[in-house]
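One structure below.
The values are calculated or read from the model by the stated rules, or taken from the named source; none is laboratory data. Quick caveat, the model's predicted, so the values are computed rather than measured. Cβ placement follows ideal geometry from the backbone for every residue including glycine, while neighbour counts extend to all protein chains displayed.
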Amino acid sequence: MSALASAITEAVEAIRAQFAGHPVEVVPDGNGGVFVTVEDVSVGPSYAPAATWLGFQISAAYPDADVYPHYVGPLSRTDGQSHGPAVQSTGWRGQPALQISRRSSRRDGAIDSAALKAERIRRWLADQ
């Protein structure tokens, strides 16, 4: 990742620390950013499966740009309910996925890191 901006390299390091013990795949996006996939992320007992991958793109504009949207593998709610309006079935990087649309409208680039946003998305999904 030597050709990547230091902000993106630091973001990836923070994601690896936030999700320590989880495989983290980082693939350059060809435009100065990266695609990140964190494996085996717990989304809790409200879903089957209870763990899935979490994917997102950190654009070359980071940290000035929000990390949005996020994606997870296909999940079913164990209570049979629908996912709600913030979750859409789609694809991501050639595989079936659910898109999680949780934009940070009052985002502060100095505080709201890619790692923090990923954890907030995971927690939000687990709390649904």
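Identify the residue in region 61-77 that is over 14 Å from the mean Cα position of the chain (by Cα) and buried (at least 17 other Cβ atoms within 10 Å of the Cβ) and, among all such residues, is farthest from ALA14 (Cα to Cα).
Among those residues, the one meeting the criterion is LEU75.
Could you list all residues from region 1-21 that are touching a helix residue (DSSP H, G or I) at 6+ places or on another chain (Cβ under 6 Å), of a type in the set (A, V, I, L, M) and outside any loop (DSSP other than H, G, I, E, B)?
Initial filter on region 1-21 (touching a helix residue (DSSP H, G or I) at 6+ places or on another chain (Cβ under 6 Å)): 1, 11, 14-15, 18.
From what's left, of a type in the set (A, V, I, L, M): 1, 11, 14-15.
If the condition is that a residue be touching a helix residue (DSSP H, G or I) at 6+ places or on another chain (Cβ under 6 Å), of a type in the set (A, V, I, L, M) and outside any loop (DSSP other than H, G, I, E, B), then ALA11, ALA14, ILE15 are the ones that fit.
Can you tell me which condition ALA114 does not meet? The list is (1) modelled with pLDDT under 95; (2) over 17 Å from ILE8 (Cα atoms); (3) of a type outside the set (Asp, Glu); (4) in contact with a helix residue (DSSP H, G or I) (Cβ under 7 Å, 6 or more places away or on another chain), and all the others hold.
Only one criterion in (1) modelled with pLDDT under 95; (2) over 17 Å from ILE8 (Cα atoms); (3) of a type outside the set (Asp, Glu); (4) in contact with a helix residue (DSSP H, G or I) (Cβ under 7 Å, 6 or more places away or on another chain) is unmet by ALA114, namely (2).
Any idea which of GLY80, GLY21, GLY84, GLY44 is surrounded by fewer than 19 Cβ atoms within 10 Å (Cβ to Cβ), of a type in the set (Gly, Ala, Ser) and at pLDDT 95 or above?
None of the others qualify; the one that does is GLY21.
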